[in-house]
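Asks: Take this structure, written in structure tokens, and hold onto it; I'll ask about it next.
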Amino acid sequence: MNYQKTILSAIGAGMLLWACDSKTEDSISLPEAPEGNNRKDISQDTAEVKLETIQLPENFSIDVWAANVPNARSMAVSDNGIVFVGNRQEKNVYALIDSDGDGKANYRYTLAEDLNMPNGVAYKDGDLYVAEVSRILKFPDIKNHLADPSFEVIYDQYPTEGHHGWKFIAFGPDGQLYIPVGAPCNICESEEEIFASITKLDVTAENPSPEIVAHGVRNTVGFDWHPNTGKLWFTDNGRDNMGDDTPECELNVITEEGLHYGYPYWHQGNVKDPEFGDQGKDESAYIAPVTTLGPHVAPLGMRFYEGSMFPDSFSKSIFIAKHGSWNRSKKSGYVVTSIAMDGNDTKGESTFASGWLDEESQEVWGRPVDVQELADGSLLVSDDMANCIYRISYSK
């Protein structure tokens, strides 16, 4: 990654000292916060959270990094530390800045309003890209235009269906923008090939056109590329109305383009769909998940951990935000989990952060959506229910 590494020091004071990749300490480098009509001071805002209930491994801690971020969903970080946030139920896109280095965001910029489910955000070469349901937008040179943002439409021919129409987006190692197109239903067999897929788009082309890289993907709202192999790993949300415990959601990997991951014929690799299973092929014709993640847990954002703050046991682990079930008789999910890696293989999933759900009362006060590593190695977690972003850090 071509951005500055940051080292957490003076923990008690909560100050961040910044160092360049050569580890030589220079002056503090923080993103600027220009004045503008779209800027709001959120330094004194608070979130309605119960952080005392959050359980983490030993020596980890959690704080609210940014409060008053309505329906905070997918995140992206610029090379100078600006955090961009999209949302699904609202219509805005935000930029958040910690301009004083106290470990919390103090300014929020509204970059766009009245958009159509602008869930996905991605940053590349100084530009911000935002995914609506049917359009991909580009905000040129955004870090120098926070106070006067503007956008252009890169592509506007994705389907307009709202069911699973919100998108997570990210740039791959090949420079292409990867964009999923969810199934327009709970379970159905669409005549249009682009549904239930992951596509990629060359945003530098004069007339870009999506290419499908994976079929049979019901609804992925999070993916990342393996640090060693460069292969794309993605979460996928299983279908509803097959009972509390079937099917499980999935974690998949794309080993080559054009493969089919089973939907709507097979789920979790080995569960035949009662409505559409007979219309498909044998289960061996489809790609089984690397691992299953539990029924109805709604795994959304996921990323490989490449930082140096956390213990070595977390190196290149996968962090997954499980948004939580919406119609299970006993709620599941509402946690952040980690999956340790043994080379290119998974070693098993563990609960990393929990407490948003009270298992006994079944009351919920927060729902994790996305995970995003900061340059200092701490982990941001967005919450679209508590309307905030947390920062999880580690100190011995």
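What follows draws every value from the coordinates through simple rules; no lab data is involved. Here the structure is a predicted model, which is why all the values come from computation and not from measurement. Counting neighbours? That spans all protein chains shown, and the Cβs are built from the backbone with ideal geometry, glycine included.
Asks: Using the 10 angstrom Cβ neighbour count as an exposure proxy, how do CYS185, CYS249 rank, fewest first?
Replies: On the way: CYS185 16, CYS249 28.
Listed from fewest to most nearby Cβ atoms, that is CYS185, CYS249.
Asks: Also, I was wondering about something else. Roughly how many Å is it from the Cα centre of the stretch 59-94 to that of the stretch 156-173, as a whole number?
Replies: 19
Asks: Additional query: Can you give the longest run of the chain that contains no chymotrypsin sites (Phe, Trp or Tyr not before Pro) sitting in a DSSP loop with at most 16 other Cβ atoms inside 10 Å? All intermediate terms of the calculation are to be shown ahead of the outcome.
Replies: On the way: sites that count: TYR3, PHE276, TRP326, TRP365.
The reported range is 4-275.
Asks: Given LYS50/LYS167; LYS91/LYS330; LYS91/LYS316; LYS91/LYS124; LYS231/LYS272, which pairs have Cα atoms separated by over 25 Å? Write out the running numbers ahead of the final one.
Replies: Values: LYS50/LYS167 29 Å; LYS91/LYS330 31 Å; LYS91/LYS316 34 Å; LYS91/LYS124 22 Å; LYS231/LYS272 27 Å.
Exceeds cut-off: LYS50/LYS167; LYS91/LYS330; LYS91/LYS316; LYS231/LYS272.
Asks: What are the aspartates and glutamates whose alpha-carbon lies under 16 Å from the alpha-carbon of LYS331, with same-chain residues fewer than 8 places away excluded?
Replies: Correct list for LYS331: ASP240, ASP244, ASP245, GLU248, ASP358, GLU359, GLU360, GLU363.
Asks: Debye sum, Cα scatterers, the stretch 6-394, no solvent: what log₁₀ I/I(0) at q = 0.08, 0.12 1/Å?
Replies: With no solvent term, the Cα-only Debye profile gives -0.39, -0.91.
Asks: Using the number of other C-beta atoms within 10 angstrom as an exposure proxy, rank GLU192, GLU248, GLU52 with the fewest first.
Replies: GLU52, GLU192, GLU248
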